[in-house]
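The values are calculated or read from the model by the stated rules, or taken from the named source; none is laboratory data. These numbers were taken from a predicted model, which means no experiment stands behind them. Note that we place each Cβ from the backbone using ideal geometry, even for glycine, and neighbour counts take in every protein chain shown. Keep in mind that these areas ignore ligands, DNA and RNA; they rest on the heavy atoms of the full protein, side chains included. Shrake-Rupley method; radii C 1.70, N 1.55, O 1.52, S 1.80 Å.
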Amino acid sequence: MQKITNIIKKTDRIALALLVCSVIITVLMGVTHPKFLGKSNLQGMLIQIPEYGILAFGMMIAMIAGGIDLSLVGIANLSGIVAAVVMLNLGGNDFSIVTAILAALSVGCVCGLFNGWIIGYLEIPAMLVTLCGLQLYTGIALIITKGPAITGLPESFSNIANGTIAGIPIGALVFVFITLILCYLLYSTVYGKCVYLMGTNMVASRFSGINNLKITMLTYAISGVFGSLAGILMVSHYNSAKSDYGSSYTLLTLLIAVLGGVNPNGGRGKVQGVVMSIILLQLVSSSFNILRVNAFVKTFAWGLILLLIMTATYLIERRQSRD
Amino acid sequence: MKYRIKTFLTTNEMIVVYIIIGLAVLIGLVNPAFNSISTVVNLSRTMLVTLIFAMCEMMVIVSGGIDVSFPAIACLAMIATGNIMLKNQIDNIPVAFIMGALIGASLGALNAILIAIIKMPPLIATLGVSSMTSGATLAIFGAKIITNLPGKLDKLYKVSLYTYTNAEGITYSLTILILIPIFICLLGWLLLKFTMFGRGIYAVGGDIRAARIAGFNVKGILFFVYIFSGTMAGIAGVTYMILMRAADPSVLMGSEMMVIAAVVMGGTRITGGHGTVIGTILGVTLIALVKNNLIMLGVPAHYQTFVVGLIMIIGTSITSLKAKHIANSIKV
Amino acid sequence: ADDYTIAVVPKMTSIAWFQRMEVGVNDYVKETGVDAFYTGPSEGDGALQAQVIEDLIAQGVDAICVVPFSTEALEPVLKKAREAGIVVISHEAAGMENIDYDIEAFDNDAYGRHFMERIGELTGGEGEYVLEVGALTSASHNQWVDGSKALQEEKFPNMKQYGDKIETKDDQSVSYEKIKEVLTANPNIAAIQGSAMADVAGAALAVEELGLAGKVNIVGTSLVSVSGKYVREGTIDMISFWDPAMAGKAMIALAQKVLAGEKIENGLDLGIEGYTNLALADKVLTGEAWVDVTKDNVDDPAYNF
Amino acid sequence: MTETFLELKDIYKSFGGVQALKGVDLTIRSGEIHCLAGENGSGKSTLIKVISGAHDPSKGEIFIEGQKVSHLSPIQAIEHGIQVIYQDFAIFPNLTVAENIAMNRAVSTGAKMMDWNCARKLALEAMEQIGARMDPDILVENLSVANRQMVAICRTIINDAKLLILDEPTAALTSKEVQKLYTILRCLRDKGIAVMIVDHKLGEVFEIADRLTILRNGEKISTGLIQEYDRKRFVKDLTGRDISESAYVPRTSASEVFRVENLSRKGAFENVSFHIKKGDVLGITGLLDSGRGQIGDALFGIHPAQSGEIFLHGKPIKIRSTADAVKNRIAYVPEDRLTQGLFLDRSIQDNTIAASIKKYFIRGRLDEKIMFQDTKEWIKKIGCVAPSPDPAIRTLSGGNAQKIVIAKWLNTKPALLILNGPTVGVDIGAKYDIHQMLHKLAEQGIGIIVISDDLPELIQNCNSIIIMKNGRIAGTVESSKINETELAEMLSSQ
Ligand SMILES: Nc1ncnc2c1ncn2[C@@H]1O[C@H](COP(=O)(O)OP(=O)(O)OP(=O)(O)O)[C@@H](O)[C@H]1O
Ligand SMILES: Nc1ncnc2c1ncn2[C@@H]1O[C@H](COP(=O)(O)OP(=O)(O)OP(=O)(O)O)[C@@H](O)[C@H]1O
Ligand SMILES: [Mg+2]
Ligand SMILES: [Mg+2]
């Protein structure tokens, strides 16, 4: 009894701790720097969140399945580049944009399926497979572009990530949409239940008739599709496609997932935790920019926040299990 | 006896050996310049620092953990040592190494506290420490590269054990610093194979609860492993500084995943409990061979990333599949 | 009138080059009292830099002076900045659209060519040479080596580029390893040209170790603090650079002038060394700010950074 | 020798809100075999962990050889000569047999170096003593369960134990191996070593024990010489109720549920054929490695058969993967509960519905409410001692967890239920409950296969029993025409 309520509470507790931190930062910054809560800063934050937020979801889902996906950035750039190439070759009209987006999503899906197949069928550790995958997909991206960015993309495509609806950036709406889909996938579908069970114990899930290979491939395919979504957003946001955009996001997304309470051993992690952790990191990052603090301090602070929150939850949990 | 030979020929280590040989033959055929003693010298030099990292990573993984903080620790050790020595006009080689080792050890101890006492998953703990360390390093010491190292330190890179001059008059000298990884490998081998403490590391990685029940000092072992890893990372940082004749506060960042890949290719199981020194050396050799002979192979620049990825994935697949096959076939 | 807020955004803050730029910005603030500050991503990533600029737009600065890591990635966000009424000055980014002005320390093509001139001089126009770039994706590095190659084809037909461009990932040890490999694979290399700051230092270390110092000529972009040692030792023949501190100052000064509504025309004088007689073409202002450092002037305290 | 070696006084232990031990007294004397009995979850394992220093008691006193010890640590326990063979043996799968055997001794003597030759010698000597034969250089992960237990026993033998505790040592052993184990234990007892053993099998308790302590719900119910107990009192004390185990007599029916013809898998079993009629409970037994477990794995698609035919309700089906098996409503309760059967960190609810998730996908979403309701019902129906569907299953004792594994499959409404060692580690009361359930299911027309080496269980519950030898069917017997001794003889005869 105690144990499971603890587990439930623990995941929620991390989300709660993150929420408290976020509120404190927002209040402090709001009071000292009124601009922080101004429309344009909020908008700015909402524009930044989707790219790495969606990547973090991909990382999260792979980690819940007991793996990890280090190839996300590679997938993002490769599918972004494919989208750009398709768009340019089809003339840049609306039809070409839709085709390009579909092409990008299928590239993400295929890359993910490839990862998933090797991880699930050949049973090679996910860390290795996706690390090789990162190299491989970035390599293909580099072969396509030969280095320089692909530019000259249609204006209307650029509006996807740079436009707003009712003052809210479209990217943020996409992000909310993806969050809802992810919640649905993880909490309300057979797949979601299976992925948590499989992440907890691969052998037992097999002995429960769960098709591990299918779930693994599905997981990495979803992760890959998230990667390509982020890729499309990046291409649209930067109105160009290149093989090295977002190269710093791999470790960042790992940090976000872990900070959001996703257990690297698999089977545990909730969407709300990860969303809170994405928001907190963005708040910290924007605050530091407003405060004109050196970027290194930001890196330092992320590590510190991670360790402090993990330590705090550990201490609270230990005290609770004592009484 | 026949059975023994057969199992020996199909060990993970031997599979990596086959891949290395295959690759070497291929490169040698494409570019005869490869078939020379210089290749051995070059390869040793290339592997030098990576091998130190890989050794401590291997030990950490064997104990059931993982460490992604060593590049940050090495960078801090390198730049801090460089700065302190310059500021205080110290020009003493042992002092440099001791300083690097101490800095590394203290950060390793931080890892150990988080993992062994606070019981944080190792990936989380070391990721956090890595982020903090690299941020602090740049904030404290700045981004500036130090190139005016103290004289003795600066000259050490030229001291060599063995020099080979080829027909064109190019000299290939094997630096004396190669002794550091050799020493560490030897030490690691003795420790892991022949001391109870080393066996304890395997025991902890195999089943931490059983290790506790058996009476191993599990906390002590974890502390040792992470402090050892930190210390070695510090030493690797100083070694790197001497070899490159410069201290750079962020140059090693991002190398962690490649090192882990090398270690796992060498037969260390990411889940802990399995791993050998020989395997690790072979894994590092394989990756070094791939990464450093693409020009020899004539691979065009923008294909190189892809080719490295391809060879890595083939390498891991073959070793993993073979290992799986072995595990499935024998059951007594 | 001088209560403008001006942000200077480098490609990344974690390398010495841009730390030097920070020094320039801070000096300039002290000298003139303008509210300028230096902020940027800690890693080299176009996406990260765009995020920093998003934040700056949100804060409502008056001008952004930026050294784009990836010019293409910044177009949309700089467009947005300009739409928000922010003055945008770029550096090392000729050919960008969504800027008020770009200020170049020099003409990239000419800068690349001058390396090959030197190589030709040193080798007598014979032999093979190697071109290094920090990243295949870096626009300016590619412009330099392309310029260099073009000059060689025109002027030194007996020379030949060996293999492909070498990508060093801005990492000294990668440069070192690859140059070593190249020299082993082909001992006839006569010259090496580097682009990223660490390129020539890595190359020099390799050449020195292989006992080829003097035989292989090395030129390229670098700083005295990074490669000065090898220039002194003679392994590197010449390094060239422009002072990032001056570039930083020049960007701010230009931003101030634009904000104040002054007319920007050919021959503009920003009052900053190397940027006293700027040539204007389209939106690009080009200075004469590159410095060649050889054994003779390596110890000049003015270059000690 | 009747000195008291260990005395526990008024031991309490709680986990969070769960009171696992409530004031237990226990005395163990040197030179006796002391049996600890109790239902699942009655606190036996917890008590053992207190003695071995793995758990600190919340309250209570421990005396070893008359001396009071406070804060017993695992090392101290070992130094006092207390050796435990845990249910999962607590051995190292990644180390060699020799190392596993020699390890504890080396640790407790404070050895600094690893002496491989000495370890090998020790291992061979220990194996000699109990008649085991293994390559000392092989990794334990490559061993079968029985051999792993041999390793664990060897380890304690060389450790000069004064008190040897075995938590359900016979669970994974065949009857022949059990006899061998008992010979060893008696020999140790005669050397003056105190032996404490946890066992659920009634017959075995009466065969081996000198003295008996019975726990129920964390309390000591009774303790005394084995002669003071008869079966009836034992069962009464254990369960608090009267249980009469009667043999199962199926109502015969002609309609066939399941048939297998010439099933083969290289290296595992060959030409296996059998059929199940409505109401039948089929038993499969055999010595270790006779292929009995492999048949279960094959029918569930874990390691599918390579040739042969399978018919369910007369229709031919193909089983190439677990997905095929599930599609054909074949259910499988695997042998190794901890790793194969349970998601230890997940809730009872998740464990219960793990095999039938699809069922709860209603109108586009998973219905957690119905899941909760169903789980609650199963907990009641199957007699699992659990407060609610919410706690993690790792907080349940083994027997209760096993009931959930069975519930997981019953929840799929199977057509064929295969149980591999269904009551390993399950107490008499729960065993009875499970057996009753099997009978009821059989009557409902569900085909039931029980793979087991618990002979009384097979005789009581199956109407026919297949005996496997070397991967082949050596014979089929009607359980009404055979008794335990005869069956045991058939099993061990060549
Ligand atoms: N670590 C734990 N956390 C919470 N509860 C526990 C823990 N360990 C045991 N328990 C609970 O304590 C009680 C006693 O469990 P214990 O394992 O000692 O029973 P047991 O007699 O060994 O049963 P079995 O016959 O199944 O082995 C059970 O209710 C169990 O759920
Ligand atoms: N220290 C602990 N922390 C967490 N869980 C524990 C701990 N000790 C035991 N448990 C869990 O509590 C449950 C009861 O533990 P125990 O080892 O007594 O099982 P058991 O009762 O012996 O099972 P079986 O019926 O198979 O004998 C198990 O699921 C076990 O994994
Ligand atoms: Mg128990
Ligand atoms: Mg038990």
note = accessible surface per residue for chain B, probe 1.4 Å, DNA/RNA/ligands not counted, whole Å² -> 36 Å²
task = Note down the magnitude of the dipole of chain A about its Cα centre, charges +1 on Lys and Arg C-beta and -1 on Asp and Glu C-beta and zero elsewhere, to the nearest 20 debye.
result = 900 debye
ask   = If the viscosity is 0.890 mPa s and the temperature 25 °C, what Stokes-Einstein diffusion coefficient in µm²/s follows for the protein assembly as shown when Rh is the Kirkwood radius over Cα pairs?
value = 70 µm²/s
task = Please give the residues from the stretch D:83-129 for which the solvent-accessible area of heavy atoms, probe 1.4 Å, is smaller by at least 50 Å² with all protein chains in place than with the chain isolated.
result = D:Phe92, D:Asn94, D:Val107, D:Met114, D:Trp116
query = Counting only protein chains, not ligands or nucleic acids, how are B:Leu243, A:Leu28 ordered by accessible area (probe 1.4 Å), most first?
reply = A:Leu28, B:Leu243
request  = Determine the alpha carbon to alpha carbon distance for each of C:Lys80/C:Lys257; B:Lys119/D:Lys408; D:Lys13/D:Lys68 and list only those over 29 Å.
outcome  = B:Lys119/D:Lys408
query = Who wins for biggest fluctuation among B:Ala301, B:Ala210, B:Ala77 in a Gaussian network model of chain B, springs between alpha carbons below 10 Å?
reply = B:Ala301
remark   = Expressed as a whole number, the average count of other chain Cβ atoms within 10 Å around the Cβ atoms of A:134-144 is 6
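Quote the relative contact order of the stretch D:256-493 in percent (integer), defining contacts as alpha-carbon pairs under 8 Å separated by 6+ residues. Don't skip to the answer; put the middle values down first.
Working: 471 pairs, mean separation 67.9, N = 238.
Averaging sequence separation for qualifying contacts and normalising by length gives 29 percent for the stretch D:256-493.
Please state the relative contact order of chain B as a whole percent: Cα pairs under 8 Å, 6+ residues apart?
Reported as a whole number, the value is 34 percent.
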query = Where is the GNM fluctuation largest for chain B (alpha-carbon springs, 10 angstrom cutoff): B:Val284, B:Val68, B:Val251?
reply = B:Val251
ask   = With springs only between Cα atoms under 10 Å, which of B:Phe228, B:Phe70, B:Phe306 fluctuates most in a Gaussian network model of chain B?
value = B:Phe306
key: Set of aspartates and glutamates near D:Lys9 by C-alpha distance (under 16 Å), chain-local residues within fewer than 8 positions excluded   = D:Asp25, D:Asp56, D:Glu61, D:Glu65, D:Glu219
task = Measure nothing but the geometry: give the 0 to 90° angle between the long axis through the Cα atoms of C:46-59 and the longest principal axis through the Cα atoms of chain C, rounded to 10°.
result = 20 degrees
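Hey, can you find the accessible area per residue of the stretch D:4-239 for me, probe 1.4 Å, expressed in square angstrom?
Ligands and nucleic acids excluded, the figure is 38 Å² per residue.
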inquiry  = Give the lysines whose C-alpha is closer than 21 Å to that of C:Lys295, dropping any in the same chain fewer than 8 places away, or say none.
reply    = B:Lys155, C:Lys215, C:Lys229
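Give the B-C buried accessible area in Å², both sides summed, 1.4 Å probe, nearest 100.
Adding both sides of the contact gives about 3100 Å².
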note = Buried accessible surface, D vs B, both sides, probe 1.4 Å, in Å² to 100, equals 2300 Å²
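Mind ranking B:52-58, B:11-17, B:220-226 by how tightly packed they are, going by the mean number of other C-beta atoms within 10 angstrom, highest first?
B:52-58, B:220-226, B:11-17
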Interface size C-A, as summed buried accessible area [1.4 Å probe, Å², nearest 100] = 2800 Å²
ask   = So how strong a dipole does the stretch B:1-158 carry about its Cα centre when Lys and Arg Cβ are +1 and Asp and Glu Cβ are -1, to the nearest 20 debye?
value = 260 debye
request  = Summarise the long-distance tail of P(r) for the stretch D:256-493 by giving the % of C-alpha pairs beyond 29 Å.
outcome  = 27 percent
note = Measuring from its Cα centre, the stretch B:14-331 shows a charge dipole (+1 at each Lys and Arg Cβ, -1 at each Asp and Glu Cβ) which, in debye to the nearest 20, is 560 debye
ask   = Given R₀ = 45 Å, FRET efficiency for B:Leu190-D:Glu125 by Cβ-Cβ distance, to 0.05?
value = 0.95
request  = Could you look at the protein assembly as shown and say what percent of its accessible area is carbon and sulfur, using a 1.4 Å probe and all protein chains?
outcome  = 57 percent
request  = Just report the Cα centroid separation between the stretch D:134-157 and the stretch C:120-136, whole Å.
outcome  = 66 Å
task = List, in order, the whole-Hz ³J(HN,Hα) value for each residue of the stretch B:243-255 obtained from phi through the Karplus relation with A = 6.51, B = -1.76, C = 1.60 and θ = phi - 60°; use x for Gly and Pro.
result = 5, 8, 6, 6, 10, 10, x, 9, 5, 8, 4, x, 8
Largest-first ordering by accessible area, 1.4 Å probe, given options C:Ile53, D:Ile317 = D:Ile317, C:Ile53
task = Tell me the label-point distance for the pair A:Leu315, A:Glu155, using the 7 Å Cα-to-Cβ offset, in nm and rounded to one decimal.
result = 5.7 nm
request  = Take peptides C:136-148, D:478-490 and line them up by average Cβ neighbours within 10 Å, highest first, as a rough protection proxy.
outcome  = C:136-148, D:478-490
ask   = Could you give the distance between the Cα centres of the stretch B:176-246 and the stretch C:283-299, to the whole Å?
value = 50 Å
remark   = Heavy-atom accessible area per residue of chain C, all protein chains kept, 1.4 Å probe, expressed in Å², is 32 Å²
query = Over chain D, what is the relative contact order in whole percent, taking alpha-carbon pairs under 8 Å and six or more residues apart?
reply = 16 percent
key: Loop-located trypsin sites (Lys or Arg not before Pro) in the stretch A:214-323, at most 13 other Cβ atoms within 10 Å (DSSP)   = A:Arg292
query = Counting only the heavy atoms of the protein chains, how much of A:Cys183 is accessible to a 1.4 Å probe, in Å² to the nearest 10?
reply = 40 Å²
